[in-house]
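Asks: For reference, the structure I am asking about is given below.
The values are calculated or read from the model by the stated rules, or taken from the named source; none is laboratory data. Because the structure is a prediction, the values reported are computed rather than measured. Cβ placement follows ideal geometry from the backbone for every residue including glycine, while neighbour counts extend to all protein chains displayed.
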There are 2 protein chains.
Amino acid sequence: MKRIAIVGATGAVGQEIIRLLELRHFPLKELRLFASARSVGKTISFRGESLPIENLQDDVFSTIDLAFFCAGSFISKQWVQIARDKGCVVIDSSSAFRSDPTVPLVIPEINEGALAQHKGLISSPNCAATILLMPLFPLHRQFQAKRIVTSTYQAASGAGARLVDELQKETYAYLEKKPYSPFLPFPYAFNLYTHNSPLTESGYVEEELKMADETRKILGDETIRLTATCVRVPVLRAHSVSANVEFAKSFTLEEVYEAIQKADGVKLFEDRAANRFATPVDATGQNEIFCGRFRLDKTQPNTLEFWAVGDQLLKGAALNAVQIGERL
Amino acid sequence: MKRIAIVGATGAVGQEIIRLLELRHFPLKELRLFASARSVGKTISFRGESLPIENLQDDVFSTIDLAFFCAGSFISKQWVQIARDKGCVVIDSSSAFRSDPTVPLVIPEINEGALAQHKGLISSPNCAATILLMPLFPLHRQFQAKRIVTSTYQAASGAGARLVDELQKETYAYLEKKPYSPFLPFPYAFNLYTHNSPLTESGYVEEELKMADETRKILGDETIRLTATCVRVPVLRAHSVSANVEFAKSFTLEEVYEAIQKADGVKLFEDRAANRFATPVDATGQNEIFCGRFRLDKTQPNTLEFWAVGDQLLKGAALNAVQIGERL
């Protein structure tokens, strides 16, 4: 029975972690909630108790066994090492340490084994990478992925609760024909934009490079090549991805469907007779990654196309972190 | 000076054609407007006159020189041959005859030459194909496209004015927390779905196969392979596409940007310093296809990624049809 902390407890991911700890009867003897100064004084209900939001202090981590960090890279870079130095194990949902070769990057259904090597810190992956990798992994294990071309359809929630709120307010103003000053440098109501993470010299944005790097690290295969186009769409909280994957080995669609149906955490969601496939609303609030539209891409040998949708805040973030905590 | 007809004058594309004929001073001596029975009796203003909506009759086409058909495949299949038999030349925006080898499929900036072979009927291409091909063509001409992997982000307008209206009404009801019975078998407010054109045995929907077939026909190259994932997003009227293109020849990014900047009907829309690229709202109401994010895909030799956005109702439909009419 552990003493647990959540750093970023009032954010979209933090809120989901609190809900999941309660729902999944996570074994803990104490839960401490940390957030920025402006939330101090508020309380959050957990297992019938009202827990106060606290401000982070160096010494708190000596009384914590396991901390979930979900307050973004900046806070993680500032506090994770302090927590580790006090003997606290950290599960970090930010990108701060994901590319550090000494830090395991874990999706439990895929590479739980990597947890054994942790040195007080485990990173939880990028949400779009997770949603792609959950259905890709069982196929990769059998047929060996070589090259992936993916395009994403990412929800507002990936940029935090503030953008979810903005999308709704801006859309409402648009429909009411009222003036509105958007938070972004362009409209988001009924609009979409290529992902606004920093643009690198290569022409790819960081989100796109993260998908490639994290795919190699999680699958433990430096030869896998991935190229992505990441796009923010006017959807509230589930991400979708289209994937075109070239495998080293040949396969049949029957083998693909069989592998998917046996995979943990992945749900085949399609009704071909009704031409009905997963949408973000279907996947919202669901633990599994929904997938379908597996089809042979005849433009190239051993190539498969598919579609996957997952709740960005659940398997894409909070659920994966909690699952890591459960495995520890 | 010709006698012109528009079949489908009250639809989203028909309305844009009327607007463009006026705006572009299309040479005509008479304009006749046709639509379904329920619109008969209404009028539409054109060059200061009030033109009546008429019902189609077999014999009208003997008094028409050029007809724009934009009422969908069903109407085109029923009436286009009748019009041709009366000596009327048809520009058809539907998919009805696009794959017929005796019918030119034309984007004037790309294959205007194909118009010379017309036998009274020219097809205007699929909107998503047009938006992809406009920036692809100048690159293909120099570097020879071999294989294209594309994902689309298609606006409501591609399914007609009714879906544009539905998206707004359903979204408003969602924001007002009011009950709403969606027109589609799933929600569209803040949601997206893989394109609901008929699903074929291959697992691809017809929209995806159209993009492949029309690309080969318009570029006049049966060896080009294209695989697509078509998705309807909650955007009102401009389509976006991500494209990953393998070329036969090697190229530099400088050559790519030079080719794009010289191409007709294509506008480079990017500000790398501001990390700002084209969005559907930017392209709405614009004649050009906006493109950018050209980047070398290092996962494979001679491969380029890019992003393109275009007004589905303009270059994606009405403008292309009017440009064909201007060239005739």
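Asks: I'd like the residue in the stretch B:264-303 that is of a type in the set (A, V, I, L, M) and surrounded by 21 or more Cβ atoms within 10 Å (Cβ to Cβ) and, out of all such residues, is farthest from residue A:197 (Cα to Cα).
Replies: B:266
Asks: Also: Quick check on this structure: which one of A:247, A:186 is touching a helix residue (DSSP H, G or I) at 6+ places or on another chain (Cβ under 8 Å), more than 10 Å from chain B (Cβ to nearest Cβ) and among the aromatic types (Phe, Trp, Tyr)? Quick ask: steps written out before the conclusion?
Replies: Values: A:186 fails: more than 10 Å from chain B (Cβ to nearest Cβ).
So the residue among A:247, A:186 that is touching a helix residue (DSSP H, G or I) at 6+ places or on another chain (Cβ under 8 Å), more than 10 Å from chain B (Cβ to nearest Cβ) and among the aromatic types (Phe, Trp, Tyr) is A:247.
Asks: Only one residue in B:235, B:309, B:241, B:281 is touching a His at 6+ places or on another chain (Cβ under 8 Å) and within 14 Å of chain A (Cβ to nearest Cβ), so which one is that?
Replies: B:309
Asks: When you look at residue A:297, is it assigned by TED's automatic domain parsing to the domain that holds residue A:215, farther than 29 Å from residue A:223 by Cβ and modelled with pLDDT of 95 or more, yes or no? Spell out the reasoning first.
Replies: Numbers: assigned by TED's automatic domain parsing to the domain that holds residue A:215: yes; farther than 29 Å from residue A:223 by Cβ: no; modelled with pLDDT of 95 or more: yes.
Here the answer is no, as residue A:297 does not meet what is asked.
Asks: Would you check which residues across the stretch A:229-259 are in contact with a strand residue (DSSP E or B) (Cβ under 7 Å, 6 or more places away or on another chain) and farther than 21 Å from residue A:211 by Cα and list them?
Replies: Hits for the stretch A:229-259 are A:253, A:256, A:257.
Asks: Keeping to the stretch B:153-183, report how many residues are touching a Ser or Thr at 6+ places or on another chain (Cβ under 9 Å), under 30 Å from residue A:245 (Cα atoms) and facing chain A (nearest Cβ under 9 Å).
Replies: Of the residues in the stretch B:153-183, 2 are touching a Ser or Thr at 6+ places or on another chain (Cβ under 9 Å), under 30 Å from residue A:245 (Cα atoms) and facing chain A (nearest Cβ under 9 Å).
Asks: What number of residues within the stretch B:287-311 satisfy the criterion of being in a strand (DSSP E or B), touching a helix residue (DSSP H, G or I) at 6+ places or on another chain (Cβ under 8 Å) and within 30 Å of residue B:12 (Cα to Cα)?
Replies: Initially, the stretch B:287-311 is screened for residues in a strand (DSSP E or B), giving B:289-296, B:303-311.
Add one more test, that the residue is touching a helix residue (DSSP H, G or I) at 6+ places or on another chain (Cβ under 8 Å), and what stays is B:289-291, B:294-296, B:304, B:306, B:308-311.
From the residues that got through so far, the ones that are within 30 Å of residue B:12 (Cα to Cα) too are B:289-291, B:306, B:308-311.
Qualifying residue count, the stretch B:287-311: 8.
Asks: Have a look at A:209, A:219, A:199, A:226 and point out the one that is within 13 Å of chain B (Cβ to nearest Cβ), aliphatic (A, V, I, L, M) and touching a residue at least 40 places away in the same chain (Cβ under 8 Å).
Replies: A:226
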